[in-house]
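Please read the structure below before turning to the comments.
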Amino acid sequence: MITTNRKKRYNKLIVGFGLIIGLLIVVTPLYAEDFTRKGADSCLKCHDEESDFPVLSIFKTKHASQVDPESPFASAQCESCHGAGKDHERSQKKGKDDKPMLTFGKTSNIPASQQNKVCLGCHQNHGRTGWTGSVHEEEDVACASCHQVHVERDRVFNAQAQQQVCFGCHATTRAESHRASAHPLRFGQMSCSDCHNPHDSNNDSLLNRSNINDTCYTCHAEKRGPFLWEHAPVAEDCTICHNPHGSNHQAMLKQRPPLLCQQCHSPSGHPSTAYTSENASGNFQSRFVLGRSCSNCHSQVHGSNHPSGATISR
Amino acid sequence: MKTFKNIQKSTFNKFILLSIVLAGLSSIASANDTDFSKWKCKLCPDYSGWTGDVAFGLGFVSEDDLRFADFRGQDEQGLYLAIDGRAHYQDADGYYFNLNSHNLGLDSRQLEINGGHQGKYEYRFGWSEISKYRGYGSQTPFLGAGTDNLTLPTDWVPAVSTDQMTQLGGLLLNTSLKTHRKILDAGVTWKFAQNWEYRFDYQKQKKNGTRPFAAGLFFNNASQFPVPVDFTTDQIDMVLSWLGKRSQVRIGLIGSWFDNANNSVTWQNPFTSGANTQTLRAALEPDNKYYQLSVSGAFALSPKVKLSGSASIGEMSQDDQFIPYSINPLFSDAQLPRTSLDAQVDTSTFNLSGKLSARLNRKLTFTARVKFDERDNKTPVDLYTPVTTDLVPSAGRLNRPYSYDKEKYSADLRFRAHRVVKLSTGVKFENLDRTLQAVEESEETTLWGEIKLNPNAQVQGRIKFEDSKRDISDYLQPDDGGSVDHPLLRKFNQADRDRERLQVEINIYPIEALGINLSFFHARDDYEESQIGLQKSDEESYTIDLSYAVGTKINLYAFLTEDDIDAELVNATGVNAIPWNAITKDSITTAGLGLSTNLNKKVSLGLDFVSSNSKGDISVQTDQNEAPFSPLRTNLKNARIHFDYQVNDHWGYKLYTEYEKYYSKDWAIDGVGVDGIGSVLTLGTQSPNYSAWIFRLQANYRF
């Protein structure tokens, strides 16, 4: 009897447990699911071109592809990036606004690191191997501070618009780009990313190439040499003499000759002579000051391959 | 049997219950594992097919001013074809195509195409042209501009100084000193297997035209003239990548081949000279090659600790045939130590940054970086006996192939002390070893600290201070056969240096639509150990930035940046001479404001204005209390307006107008003219001054 009663109790326990589980089967889809019921169809009921932040242009972009398994719309659609939206949907239906979705950009309340975690979930492995520990990461720059996702063409991929994005933070560089001698950023003929990789950090100044000179040689290969008669600072670092972002002196030089040259050269004679304002005109005008100054003769400042070019004048 | 039935019933019940339990558990599991394929995306718009805009019309340029045309590519007054366009294709299968073009009717134009099958492959094509103008109002008596042989008119009479070149005025020709760069890009990316990707890019750059050059005949005289530019550079860049979630590895190869169609330029000496120096010759840039093989990668040791780095080895080489020591017949047969340089520089760069990056806990992160950058110049060293400026044979001189070895180590610690306060500090060590230069070793240590305050979304602040000290080994002037500098000279890139940098930024968003950004930057370099050479340089920059956005309809912005760059230099003509000093002060003010608005679905308007004014003061003082140079000035004002009106779904109009006024003043060239310096025949280049405008009207067809 005792054994039978135990079995009955045992069976009752199992049946009871089964009922609870059965109940859960019915109830859990209603409460355990975080995502909206219909994905983008739930979101687009409210978020359209008439809303404060028009969103539909995302369907003109790669993010909306449903055939690329890496695309957000191949899985949780809007919620791939903005997080599961069940609570948000429910609170909006109740006329409340207390369950915001994950938002992006400079003015978002979500910390940049959390925003970027979403983007890097897919993009970490595409040219952003050096993102971690990079200057932009350490300065809490959010991906969406620069990138636009809900537009047909992200402005950073537009050579005419990209620099305005960078100048939003790099104000001094914007000013430099308008100086008398500058690379053609303001004309849209060059963009910041021609020299810099904003996602990487392995190279100095986030440069695309291993060092400054290698970056410059990409467009100025004629300066590479190696020359028979090298000019030592040229071979070492172009920025010793040039400011690549712009200068009010010709050829983006940091200083005008002859003073630029006299910072490093002082043999007795004409290289170390003081050329004052009296040498700029009148009876004492000097070829060492006027015209191209030192370069009136020493024009091969980047190096010479002439067997007689030791003084970089051939 | 009863017992057996009970057992059967009991087993059956357990089986049913177990099935229910398993079904329940699996249902719970699948409740969070949503089947996204059931999401229909019925409200998602279908943009499959072609879309785009083609804008075509006419533009008008008011002036044929070379400086205004610089980079714009509009060097002739009058009408031009104004053609722009973009096209986009996508379909449900993932195929896509994009075309973007800009200013196709101008000398400076861009076309860019990419397409492919998303997630599988992409192809790219680009074509761009950029015009660059050097020299403003340049004139020359030389014939053959653009070739490697510049001659003077047959009736040219040489003279000892330019003021005695009596025919000069009548023989001058305008020369534009223009280079035109054409760039072809082509590339493909192929994702050929899970996590594997191959990218190949090819670029050809051709740069043609003329640029200014100058050379002289010893200390007697010099001439400025245009030399030919006929450069071709082919580059390839290919990368094989393995891209996993936790780790990524890339192997890359870069190749670059530079070809100059002219290895030298000869010119007729316009000055009175001896029989053997009537024609002079200079070398132009030699052909060169470059290869670089690199490996880079990143590995997440754990979710909080990541390691990334790269290593590369490269080789630059150049083996162009030497020209003789001199075109002067007296020396043209002199024996060279070799017929070509056979130059080779091995480069190697090893970067390791992050790159131990470790999040020690929720509040503390640590980053360490190491970088090695080596330039090992293996160019053979020989004794050359140069003929200075085709006239004076000099003592034998060894060529100096410079090498360096840089090492950089740094470590940063970032601590979120409070919800609104982030403290950071770091240290950097830089060691630089050079060969054949005055200083063999230099070491620089930098300490920095930063405080970031973020009390709320409306206010953010940051202050960063950096202090560096560079120490050098003994300063020993190299005995390279060249001129001997003042013994107290310290070249500033090889001198002891104290450096300070301060950055302050405040960002305020009083309302969501309004942003106010204030920033200040100060840098100071002191070379206190240098008695001769650069003494100090200071740079200060102040910026105020305002932006105001009304939804997505209206954007307003304004900015003002004030830059001040000062430097002080001391030099002397000899050990016993009284040193002289030079103080330079460059002040640049840049200001801008603008508006962009979409008034409604049909009308959009944009206004932009920017102004950049610079003043350069130079004072060179000996013991005679000389007056300063008259200030150097540049003054740019540029205003642009664009107005787009969409008539219907397909047709619209685009109106663009731009006005630019530029004023500059430079005592080194203004008023000097071609013959203003007795011993230098110049190109007569003047400071640019112009005001010009562009008007463009285009019809736009949207599809």
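Taken over region B:88-238, the percentage of Cα pairs per 5 Å bin, counting from 0 up to the bin with the maximum distance, is 2, 8, 12, 13, 12, 10, 8, 7, 6, 6, 5, 4, 3, 2, 1, 0.
What does the C-alpha gyration tensor say about the overall shape of the protein assembly as shown? Classify as rounded when a/c is under 1.5, otherwise prolate if a/b is larger than b/c, or oblate. Mind showing how you got there, number by number?
Numbers: a/c = 2.25, a/b = 1.89, b/c = 1.19.
Prolate shape, in that a/c is at least 1.5 and a/b is the bigger ratio.
Exposure check, 1.4 Å probe, all protein chains in place: A:CYS119 carries approximately 40 Å² of accessible surface.
A straight line joining the Cα centroids of region B:185-236 and region B:64-116 runs 22 Å. Using a probe of 1.4 Å, the accessible surface attributed to B:TYR690 totals some 20 Å² when neighbouring protein chains are kept in position. Per-atom-type breakdown for region B:597-651 gives carbon and sulfur 56% of the accessible area (1.4 Å probe, protein chains only).
Distance from the C-alpha centroid of region B:451-506 to that of region B:519-566: 17 Å, rounded to the whole angstrom.
Against chain A, whose longest principal axis is taken from its Cα atoms, helix A:112-123 shows a tilt of about 90°.
Distances between every pair of Cα atoms in region A:38-102, grouped in 10 Å steps from 0 to the bin holding the largest one, split as 21, 53, 23, 3 percent. Note on the protein assembly as shown: dipole from Cβ charges, positive end direction compared against A:ALA274, B:THR166, A:LEU206; the farthest Cα belongs to A:LEU206.
Along the axis of the charge dipole computed for the protein assembly as shown (Cβ charges of +1 for Lys and Arg, -1 for Asp and Glu, origin at the Cα centre), the listed residues A:LEU260, B:LEU253, B:LEU143 are led at the positive end by B:LEU253.
For region B:451-467, a decrease in accessible area of 40 Å² or greater in the assembled protein chains relative to the isolated chain, with a 1.4 Å probe, applies to B:LYS452.
When B:SER340, B:SER630 are compared by accessible area at a 1.4 angstrom probe, the order from most to least is B:SER630, B:SER340. Accessible area of B:ARG86 (1.4 Å probe, protein heavy atoms only, ligands and nucleic acids ignored): about 70 Å².
In order along region B:489-498, the phi-based Karplus estimate (6.51 cos²θ - 1.76 cosθ + 1.60, θ = phi - 60°) of 3J(HN,Hα) comes to 5, 10, 4, 5, 7, 10, 10, 4, 8, 10 Hz; Gly and Pro are listed as x. P(r) for chain A, from all Cα pairs and a bin width of 20 Å, is 22, 36, 22, 13, 5, 2, 0 %, short bins first. Relative to the Cα centre, the charge distribution of the protein assembly as shown, modelled as +1 at Lys and Arg Cβ and -1 at Asp and Glu Cβ, gives a dipole magnitude of about 6580 debye. Straight Cα distances below 13 angstrom link A:LYS99 to the aspartates and glutamates A:ASP34, A:ASP87, A:GLU89, with same-chain residues fewer than 8 positions distant left out. Leaving ligands and nucleic acids aside, the B/A contact buries around 13900 square angstrom of accessible area in total at a 1.4 Å probe radius.
Over the Cα atoms of region A:193-314, the radius of gyration divided by the Kirkwood radius equals 1.04; this is the Rg/Rh ratio.
Counting only Cβ charges, +1 for Lys and Arg and -1 for Asp and Glu, the dipole size of chain A around its Cα centre is about 1080 debye. Counting only protein heavy atoms and using a 1.4 Å probe, what share of the accessible area of region A:118-236 belongs to carbon plus sulfur, as a whole percent? The value for region A:118-236 is 58 percent carbon and sulfur by accessible area.
With q set to 0.17 Å⁻¹, the log10 of I(q)/I(0) for region B:75-148, from the Debye formula over equal scatterers at the Cα positions, is -0.80. Inter-label distance, B:LYS38 to B:TRP242: 4.0 nm, where each label sits 7 Å from its Cα along the C-beta direction. The lysines whose alpha-carbon is closer than 27 Å to the alpha-carbon of B:LYS469, local same-chain residues fewer than 8 away aside, are A:LYS254, B:LYS355, B:LYS371, B:LYS406, B:LYS408, B:LYS422, B:LYS428, B:LYS452, B:LYS491, B:LYS536, B:LYS585.
Leaving out ligands, DNA and RNA, and with a 1.4 Å probe, what % of the accessible surface on region A:38-102 is carbon or sulfur? Spell out each step's value before the answer.
Details: 1830 of 3510 Å².
Carbon-and-sulfur percentage of accessible area, whole number: 52.
Give the residue list of trypsin sites (Lys or Arg not before Pro) in region A:183-266 that are DSSP loop and have at most 13 other beta-carbon atoms within 10 angstrom.
Working: sites: A:ARG186, A:ARG209, A:LYS223, A:ARG224, A:LYS254; in loops: A:ARG186, A:ARG209, A:ARG224, A:LYS254.
Hits after loop and neighbour filter: nothing returned.
Placing +1 at every Lys and Arg Cβ and -1 at every Asp and Glu Cβ, with all other atoms neutral, what dipole size does chain B have around its Cα centre, in debye to the nearest 20? The partial results should precede the final answer.
On the way: 75 positive and 87 negative charges, 1074 e Å.
Its charge dipole is roughly 5160 debye.
Among A:MET190, B:MET316, the order of accessible area from largest down is A:MET190, B:MET316, computed with a 1.4 Å probe on protein heavy atoms.
Scale the Cα Rg of chain B by the rule-of-thumb value 2.2 N^0.38 Å and send over the ratio, two decimals. Ratio of Rg to 2.2 N^0.38 Å for chain B: 1.26.
When you look at the Cβ of every residue in B:374-387, what mean number of other chain Cβ atoms sits within 10 Å?
Details: counts 0, 5, 0, 4, 1, 5, 0, 0, 2, 0, 7, 3, 10, 4.
Per-residue shielding by partner chains comes out at 3.
Multiplying the residue separation of B:ARG524 and B:PHE219 by 0.36 nm and subtracting their alpha-carbon distance yields 106.0 nm. For chain B, take the longest principal axis of its alpha carbons; what is the angle in degrees between that and the long axis of helix B:2-32, to the nearest 10 within 0 to 90? The two axes meet at around 30 degrees. Extension gain, B:LEU58 to B:ASN456: 0.36 nm times the residue separation minus the Cα-Cα distance gives 138.2 nm. For the segment B:252-259, counting C-beta atoms of other chains within 10 Å of every residue's C-beta and taking the mean gives 2.
Put B:GLU315, A:GLU236 in order of accessible area, highest first, and with a 1.4 Å probe you get B:GLU315, A:GLU236.
The residues of the protein assembly as shown expose, per residue, 47 Å² of accessible area to a 1.4 Å probe.
A straight Cα-to-Cα reach below 18 Å connects B:LYS289 with the lysines A:LYS223, B:LYS204, B:LYS206, B:LYS207, B:LYS378, residues fewer than 8 places away in its own chain not being considered.
Could you state the orientation-averaged shadow area of the convex hull built on the Cα atoms of region B:415-498, in nm² to one decimal?
It is 7.6 nm².
The values are calculated or read from the model by the stated rules, or taken from the named source; none is laboratory data. Just so it is clear, the structure is predicted and the values come from calculations on it, not from any experiment. Glycine gets a Cβ as well: all are built from the backbone with ideal geometry, and neighbour counts include every protein chain shown. For accessibility, only protein heavy atoms count, side chains too; no ligands or nucleic acids. Shrake-Rupley method; radii C 1.70, N 1.55, O 1.52, S 1.80 Å.
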